[in-house]
Amino acid sequence: MNNRFDTSAPDSEAKRPRGRPRKTVDERDDGNRRQAVLAAAAQLFRQKGFSATTTRDIAAAAGMQSGSPFYHFKSKEALLFAVMEAGMHTALARQAAAVQAHGHANAPADQQLRQLVQAHFDVLLGPGNDFVPVMLYESRSLPQRERKLVAQLISQYEALWVPVLNGLHASGQLRAPVGLSRLLMLGALNWSVQWFDPQKGSSVNDLVDAAMALFLGPSATTHTLSGDAARPSTE
């Protein structure tokens, strides 16, 4: 009986260990490729939804082979969690930078709230803004453990709002209960990702002014609104 294997193959081929094939240049986790996968996944999860997005879609958008995302993430669920985690860490970093840059602790409470609102809109609507919107609408697709971890990051982010709202409530500028005010404010701000269109003439500063006027009254507004351009489209 003839041997089916070619015993004349070079030793380096014969001794190659079995298992996962060697990574190609594009698959090596040098950081840049991982970030490309994250960015592509965030955009597709936001546009198509988590369930409708395949890893093949993500690989194609990142310019990689179809199986390459699995060199960076164990599963699509793990990738979803990584998107949300990255988004919340970015939100926390931007919030901290905004607070530090504007002397948050020594500012009047209404100015502290403006800083928080501005930072929040920057996270939601600024460049690379797909990560947090995915977190807002796809959290239920996460396993329970990862969902709790994301909830902890959200609580950490929202913690800075509570003393500011307490100060506004104590001064009489905020008349609603603090707990409900926090939920209503963040709910209103978060919904802007569904309708805001900078092509209609409004800016993020316009949104900040509108939010402050809504939450605390016209005296909290410092910029001139762009009128109808800041309104959501009804078309």
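The values are calculated or read from the model by the stated rules, or taken from the named source; none is laboratory data. Owing to the predicted nature of the structure, the values given are computational and were not obtained by experimental measurement. Every residue, glycine among them, receives a Cβ derived from its backbone with ideal geometry; neighbour counts consider all protein chains shown.
Return the pair list, or none, for Cβ contacts closer than 6 Å from residues in segment 101-120 that are without any contact (Cβ under 8 Å) to a residue 24 or more places away in the chain to residues that are among the β-branched types (Val, Ile, Thr), at least 6 apart or on different chains. Close Cβ pairs satisfying both conditions: none exist.
Considering the conditions (1) surrounded by fewer than 16 Cβ atoms within 10 Å (Cβ to Cβ); (2) among the small types (Gly, Ala, Ser); (3) closer than 30 Å to residue 205 by Cα; (4) without any contact (Cβ under 8 Å) to a residue 60 or more places away in the chain, residue 98 is excluded by exactly one of them, (1). Of all the listed residues (12, 8), the sole one being loosely packed, with under 13 Cβ neighbours inside 10 Å and either at pLDDT 90 or above or in a helix (DSSP H, G or I) (or both) is 12.
Inspect all residues belonging to segment 63-73 and state whether any of them is more than 23 Å from residue 115 (Cβ to Cβ), of a type in the set (Phe, Trp, Tyr) and under 19 Å from the mean Cα position of the chain (by Cα). Give the steps one after another, and end with the answer.
The initial filter retains those residues of segment 63-73 that are more than 23 Å from residue 115 (Cβ to Cβ), namely 63-73.
Now drop any that are not of a type in the set (Phe, Trp, Tyr), which leaves 70-71, 73.
With the extra rule that they be under 19 Å from the mean Cα position of the chain (by Cα), the set shrinks to 73.
Yes.
Tally the residues that are without any contact (Cβ under 8 Å) to a residue 12 or more places away in the chain and surrounded by 12 or more Cβ atoms within 10 Å (Cβ to Cβ), restricting the search to segment 152-176.
2
One residue alone among 113, 92, 125 is assigned by TED's automatic domain parsing to the domain that holds residue 213, surrounded by 14 or more Cβ atoms within 10 Å (Cβ to Cβ), within 25 Å of residue 191 (Cβ to Cβ) and over 13 Å from the mean Cα position of the chain (by Cα), and that residue is 113.
Looking across segment 30-56, the residues that are among the polar types (S, T, N, Q) and over 17 Å from residue 75 (Cβ atoms) come down to 32, 35, 43, 47. Report whether or not residue 155 is closer than 21 Å to residue 95 by Cβ, in the same structural domain as residue 96 (by TED's automatic domain parsing), in contact with a helix residue (DSSP H, G or I) (Cβ under 6 Å, 6 or more places away or on another chain) and not acidic (Asp, Glu). Taking the combined requirement at face value, the residue does not satisfy it. Within segment 129-144, residues that are outside the structural domain of residue 43 (by TED's automatic domain parsing) reach partners that are buried (at least 18 other Cβ atoms within 10 Å of the Cβ) and not in a helix (DSSP H, G or I) with beta carbons closer than 8 Å, at six or more positions or on different chains, in the pairs 134/50; 138/50; 141/50. Scanning segment 43-68 for residues that are among the small types (Gly, Ala, Ser) and either in a loop (DSSP other than H, G, I, E, B) or modelled with pLDDT of 95 or more (or both) gives 49, 51, 52, 62, 63, 66, 67.
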